[in-house]
Structures are given as structure tokens and as C-alpha cells.
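Down below is the structure, laid out as C-alpha cells.
The values are calculated or read from the model by the stated rules, or taken from the named source; none is laboratory data. Computed from a prediction, not measured in an experiment: that's the story for all the values here. Note that each Cβ is placed from the backbone with ideal geometry, even for glycine, and that neighbours are counted across all protein chains shown.
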Ligand code: C2E
Ligand code: MG
Ligand code: MG
Ligand code: MG
């Protein structure tokens with residue numbers, strides 16, 4: 001009896017695996033034609049100065065509009081794109097589209113583009129970025145590339161060299177989701193990151209737990225010594241913004257200002273009412 005149960009259990013498991021595998025294959029096939037079918041879309045979320053709410057630029061966040069699946073968030077397809085190598089074509093499309101879109105914004109605004117670790121394993125990436133800049137005519141100073149600490153795990157020496165080459169083009173480099181990875185603090189000293197984006201988990205937790213507040217404070221203090229700009233991700237409430245301002249963080253991003261929006265929904269917002277006196281009233 002136990003034996004029968006065990007077999008039944010295995011059968012269920014096997015069926016489940018089969019379904020999961022088939023679903024993955026289906027998704028892979030559909031994702032493969034997503035770029036060519038024009039199913040990818042960029043949404044943009046504003047980044048602002050904490051002092052006066054002035055918009056300094058937008059982060060490009062990719063979405064996949066599939067006729068059958070609806071809008072698929074990046075967390076659902078970027079990992080698959082990385083495993084299958086499709087991230088190179090998708091990443092190319094993202095950076096070229098982002099540069100093109102940004103040429104229509106006020107000249108002081110930057111566009112931030114997320115790069116996955118897989119994109120940073122080859123020096124070809126430098127040429128790809130250069131091509132996107134040339135093709136769009138966007139000055140390199142208006143492009144910021146976001147990388148996470150995880151890109152530094154495998155081969156930090158090569159990755160740091162690649163990032164240096166990218167930076168020599170004139171683009172800036174931000175370290176995204178800072179605090180969630182496992183990178184050594186020494187990388188921060190060895191590589192001149194232009195910006196640290198403090199992960200939303202610490203930002204949102206800072207008001208609730210002294211441990212999170214301690215992490216936020218030490219990141220801000222470290223960045224201050226190294227002369228790196230700081231940005232707090234995931235600002236959802238006025239409490240978040242007031243706390244981060246009082247701790248000396250320089251820039252903010254989050255639903256309190258705006259959610260990511262399609263390019264055609266970006267309009268005349270040059271400043272959000274988040275300055276100290278405006279928040280208080
Ligand atoms: P990320 O780069 O850290 O981007 C911020 C994510 O937080 C976005 O999710 C954004 O919509 C969300 N967010 C912004 N403000 C708030 C807030 O106040 N509260 C909350 N709860 N969330 C907020 P999204 O668009 O789903 O992107 C998720 C991740 O997918 C990104 O995290 C990034 O790592 C990756 N990603 C997005 N676009 C691309 C891309 O073009 N290429 C690559 N390689 N990765 C991308
Ligand atoms: Mg990012
Ligand atoms: Mg982030
Ligand atoms: Mg994050």
C-alpha cells in the first residue's frame with residue numbers, strides 16, 4: 001500500500017514536471033519572437049532630487065505584452081532570457097529603445113538602463129552601448145547603466161575592467177539594489193561607481209527596525225566618504241521620504257512620486273512636491 005502511494009506520488013510529480021517543462025518551452029518559444037513581433041515595451045519611472053523634487057531622469061523598465069499572456073513583468077521573463085541567451089537581443093533592444101526615447105526628453109534628463117550579469121560577460125557590450133549612443137545621437141552623459149552586486153561574483157576582475165571601459169565612453173554606472181547582494185565593500189573602493197541605489201527593503205524597513213536604519217545609515221556614510229551619489233528605491237510614503245532626507249540621502253524613486261509609465265504618458269512633470277515644507281503642510 002505504501003508502495004502504491006509512493007508510485008502515485010511519483011506519477012503526480014512527473015506530471016507536474018512535464019507540465020512545468022512544457023510551459024517553459026512554450027514561454028521560451030514565444031519570448032524568442034517577442035522582439036521581432038514588437039511585443040516588448042519600456043515603461044519609465046522618474047528619479048528625483050530629494051531636496052526639491054526636481055526630476056533628474058527616468059529608469060527604463062521592460063514589459064512584455066504577449067497577446068495570450070497579457071503584460072508579463074520582467075521578473076517572469078528576464079531569468080528565462082538569461083538562461084537561454086536571449087538576454088543579449090532583448091538587452092540590445094532595451095538599450096537602443098531607451099536611448100531613442102530619451103532624445104525626446106529635456107536635455108538635462110538621463111535615462112537609466114538595467115543590465116543583467118549575462119550582458120556583462122563579454123567586452124562586445126562596450127560596442128553595443130556605443131552603437132546605441134551613435135544610432136540615437138544621445139550624448140553618453142545622459143545614459144546611466146544599472147548593475148547589481150551579483151555581476152561581481154563570478155569574475156570580478158574582468159567585470160570591473162568591462163565596467164571601466166563602459167565608463168570611459170562617458171556613461172555613468174549605478175549599483176542597483178545595493179545591500180541585497182554579497183559583494184565585498186572593497187569593490188566599492190576599487191570601482192568608481194557613480195551612484196548607489198539603496199534597495200527598497202532597507203528604505204521601507206528603516207522606519208520600523210533599528211537594524212534597517214543602521215544599514216541605511218552606514219550605506220549613506222560610506223557613499224559620503226567615497227563621494228558617490230545615493231538614491232533610495234521604493235519610496236512609497238511621506239514618512240519614507242522624510243526619514244531618508246533627514247539621513248542625508250540625495251535622490252529618490254518610488255510609487256510616492258510615480259509608478260513606471262509608458263513613454264507617451266510622460267509629460268511636463270519637471271518637479272514633484274516633495275520638498276521639506278511641502279511634505280510638512
Ligand atoms: P529594479 O531595477 O530594482 O527596478 C525597480 C523595481 O521596483 C521595478 O519593478 C519598479 O516598478 C519597482 N518599484 C518602483 N518603485 C516602487 C515602490 O515604491 N514600491 C514597490 N513595491 N516597487 C517599486 P519592475 O519593473 O517589475 O522590475 C523588476 C526588476 O526587473 C528590476 O528591478 C530589474 O532588476 C529587472 N529589470 C527591469 N527591466 C529590465 C531590463 O530592461 N533589463 C534587465 N536586465 N532587467 C530589468
Ligand atoms: Mg534598476
Ligand atoms: Mg533597483
Ligand atoms: Mg530594487
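Brief remarks follow.
- Residue ranges of strands (runs of 3 or more DSSP E) in segment 40-89 with at least 2 members touching a strand residue (DSSP E or B) at 6+ places or on another chain (Cβ under 6 Å) and within 16 Å of ligand 4 (Cβ to nearest atom): 40-49, 55-66
- Test result for residue 75, surrounded by fewer than 14 Cβ atoms within 10 Å (Cβ to Cβ) and within 16 Å of ligand 2 (Cβ to nearest atom): yes
- Filter pass, residue 97 being away from ligand 3 (no atom under 16 Å from the Cβ), outside any helix (DSSP H, G or I) and surrounded by fewer than 22 Cβ atoms within 10 Å (Cβ to Cβ): no
- Residue check, residue 124 free of Cβ contacts under 8 Å to residues at least 24 places away in the same chain, more than 19 Å from the chain's Cα centre (by Cα) and closer than 29 Å to residue 155 by Cα: yes
- Residue 120 vs. criteria near ligand 1 (Cβ under 9 Å from one of its atoms) and either farther than 18 Å from residue 32 by Cα or not in a helix (DSSP H, G or I) (or both): no
- Being within 19 Å of the chain's Cα centre (by Cα), within 13 Å of ligand 4 (Cβ to nearest atom) and crowded, with 16+ Cβ neighbours inside 10 Å is true of residue 196.
Here's the yes/no breakdown for (1) out of contact with any helix residue (DSSP H, G or I) (no Cβ under 7 Å at 6 or more places or on another chain); (2) on the phi < 0 side of the Ramachandran plot; (3) away from ligand 2 (no atom under 16 Å from the Cβ):
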| position | (1), (2), (3) |
| --- | --- |
| 29 | yes, yes, yes |
| 34 | yes, yes, yes |
| 39 | yes, yes, yes |
| 85 | yes, no, yes |
| 94 | yes, yes, no |
| 108 | yes, yes, yes |
| 124 | yes, yes, yes |
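- Hits in segment 147-183 (condition: more than 16 Å from ligand 4 (Cβ to nearest atom) and touching a residue at least 60 places away in the same chain (Cβ under 8 Å)): 172
- Single residue of 238, 245, 167 found to be more than 15 Å from ligand 3 (Cβ to nearest atom) and either loosely packed, with under 15 Cβ neighbours inside 10 Å or under 15 Å from the mean Cα position of the chain (by Cα) (or both): 238
- For segment 187-281, the helices (runs of 4 or more DSSP H) that sit wholly inside it and include 3 or more residues that are at negative phi, at pLDDT below 95 and in contact with a helix residue (DSSP H, G or I) (Cβ under 8 Å, 6 or more places away or on another chain) are 210-226.
- Residue within segment 90-112 that is within 16 Å of ligand 4 (Cβ to nearest atom), within 24 Å of residue 164 (Cα to Cα) and modelled with pLDDT of 95 or more present: yes
- Search result, residues across segment 102-117 that are in a helix (DSSP H, G or I) and surrounded by fewer than 20 Cβ atoms within 10 Å (Cβ to Cβ): 117
- Residue match in segment 127-135 (condition: within 16 Å of ligand 2 (Cβ to nearest atom) and either surrounded by 18 or more Cβ atoms within 10 Å (Cβ to Cβ) or free of Cβ contacts under 8 Å to residues at least 24 places away in the same chain (or both)): no
- Tabulated pairs, segment 37-54, first without any contact (Cβ under 8 Å) to a residue 12 or more places away in the chain, second in a loop (DSSP other than H, G, I, E, B), C-beta under 9 angstrom, 6+ apart or interchain: 37/67
- Search result, residues across segment 165-186 that are modelled with pLDDT under 95, away from ligand 1 (no atom under 15 Å from the Cβ) and either outside any helix (DSSP H, G or I) or closer than 22 Å to residue 130 by Cβ (or both): 182, 183, 184
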